[in-house]
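Below is one structure, written out as structure tokens, with a few remarks after it.
The values are calculated or read from the model by the stated rules, or taken from the named source; none is laboratory data. Predicted, not measured: the structure shown is a model, and the values here were computed from it. Cβ sites come from the backbone with ideal geometry, for glycine too, and all protein chains shown count toward neighbours. Keep in mind that these areas ignore ligands, DNA and RNA; they rest on the heavy atoms of the full protein, side chains included. Shrake-Rupley method; radii C 1.70, N 1.55, O 1.52, S 1.80 Å.
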Amino acid sequence: MTQSFTTRAFSVAGLVALGLMATVGTAPAADLKFEHVMNIGTAGTGEGQFKYVEDFAFSKEGHLLATDAAHAYVQAFDKTTGKFIARFGGKGDKDEHLDKPEGIAVDPDGNIFIADYNTGFVKKYDKSYKWLLTFSEYGSEKGQNIKSEFMDIRDGKLYMPEAGNHRVDVFDLNGKFLFDFGGLGTEPGKMNNPESAKFNSEGKLYVADLKNDRVQVFDKDGKLLSGWGKSGSANGEFKAPAGIAIDAQDRVYVTEIGNDRVQVFDKDGQFLHAFGSKGAGNGEFGNLHGIGIDKATGWIYVADTANNRIQVFKPAKAPNT
């Protein structure tokens with residue numbers, strides 16, 4: 001997505017009436033602190049460089065995979081050292097090429113799925129980055145998409161939010177369209193530019209509803225379970241929430257384009273911690289997008305898009321505390 005955005009006030013009355021509104025408070029989080037580890041990447045189109053870093057996944061081998069919407073490559077890095085390993089995609093007209101890759105997900109067999117924002121194509125590659133399959137296309141009909149975003153895989157299904165049609169599309173891993181849910185609106189269960197959709201360990205799907213300034217939670221069938229947030233800069237409030245990642249304790253990490261920070265919540269939406277501010281130094285951000293977490297180590301990978309880099313953080317204490 002582009003850096004520009006508009007915010008919309010979100011009335012919580014509908015969720016409260018349905019008994020679905022999460023209580024957003026401040027929980028004790030003295031032990032929830034993070035240290036900056038390193039930065040990965042610089043501005044440019046060369047190997048290991050970025051022009052518009054978007055979202056992340058981890059390969060079957062444990063490498064960090066990062067999409068770049070501007071130079072159209074997906075790049076692989078050593079998740080511990082940040083060393084560049086390989087890249088694939090790039091601009092072109094062949095099956096293996098990409099135009100504006102944003103969403104990325106990896107299935108249990110190591111196959112890599114890439115959502116191409118401009119073309120509507122979803123492309124599947126094997127774990128050695130060889131193209132296997134293309135499905136979906138640009139449009140608003142069932143199985144088509146417009147402005148596909150940050151996606152996830154659960155129980156043999158790919159869940160892909162699309163900002164253009166304000167919904168989440170669900171496909172099987174062979175590209176067959178199954179169903180969708182959402183639709184444009186501000187009422188509970190509706191969406192306005194959903195940016196990311198990520199599962200926790202319990203099978204709950206957390207959706208960053210960017211222009212409604214909230215997070216909504218669904219089950220695997222698209223049934224609304226809960227939600228929280230409204231427009232603002234206080235703890236638990238949002239300005240254009242974009243990326244979502246879930247750690248090993250099912251804590252929910254949300255990046256915000258408008259507030260230049262990462263907020264952390266428990267699985268029920270209770271605020272725990274926030275870090276970051278606008279700038280170009282370590283721990284400072286610009287135009288934040290995706291976020292990924294290595295569940296084994298607790299390391300956090302943040303798409304610091306305006307600064308053409310990935311910032312990496314680690315828990316100041318063990319991730320299981």
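If we scan segment 110-132, do we find a residue that is in contact with a Lys or Arg (Cβ under 7 Å, 6 or more places away or on another chain), within 24 Å of Val252 (Cβ to Cβ) and open to solvent by 30 Å² or more (accessible area, probe 1.4 Å)?
no
Return the pairs, sorted by first residue and then second, in which the second residue is open to solvent by less than 40 Å² (accessible area, probe 1.4 Å) and modelled with pLDDT under 95, the first residue lies in segment 163-188 and is acidic (Asp, Glu), the beta carbons are less than 6 Å apart, and the residues are 6+ apart or on different chains.
Hits for this filter: Glu187/Gly14.
Pick from segment 168-182 the residues that are farther than 13 Å from Asn193 by Cα and of a type in the set (A, V, I, L, M): which of them is surrounded by the fewest Cβ atoms within 10 Å (Cβ to Cβ)?
Going through the qualifying residues, I end up with Leu178.
I need the full set of residues from segment 121-155 which are part of a strand (DSSP E or B) and charged (D, E, K, R), in order please.
If the condition is that a residue be part of a strand (DSSP E or B) and charged (D, E, K, R), then Lys123, Lys124, Asp152, Arg154 are the ones that fit.
Might you let me know whether segment 84-98 holds any residue that is open to solvent by less than 10 Å² (accessible area, probe 1.4 Å) and without any contact (Cβ under 8 Å) to a residue 24 or more places away in the chain?
Yes, segment 84-98 has at least one match.
Of the numbered conditions (1) touching a residue at least 40 places away in the same chain (Cβ under 8 Å); (2) open to solvent by 10 Å² or more (accessible area, probe 1.4 Å); (3) not hydrophobic (A, V, I, L, M, F, W, C), Pro194 fails exactly one; give the number of that condition.
(2)
Among what's in segment 252-267 and is open to solvent by 10 Å² or more (accessible area, probe 1.4 Å) and free of Cβ contacts under 8 Å to residues at least 60 places away in the same chain, pick the residue that is farthest from Asn282 (Cα to Cα).
Going through the qualifying residues, I end up with Asn259.
Name the single residue that is nearest to His289 (Cα to Cα) among those in segment 47-68 being touching a helix residue (DSSP H, G or I) at 6+ places or on another chain (Cβ under 9 Å) and either free of Cβ contacts under 8 Å to residues at least 60 places away in the same chain or buried (at least 23 other Cβ atoms within 10 Å of the Cβ) (or both).
Narrowing segment 47-68 to residues touching a helix residue (DSSP H, G or I) at 6+ places or on another chain (Cβ under 9 Å): 50, 52-54.
This time we only want the ones that are either free of Cβ contacts under 8 Å to residues at least 60 places away in the same chain or buried (at least 23 other Cβ atoms within 10 Å of the Cβ) (or both), so: 50, 53-54.
Values: Phe50: 13, Val53: 8, Glu54: 6 Å.
Among them, the one singled out is Glu54.
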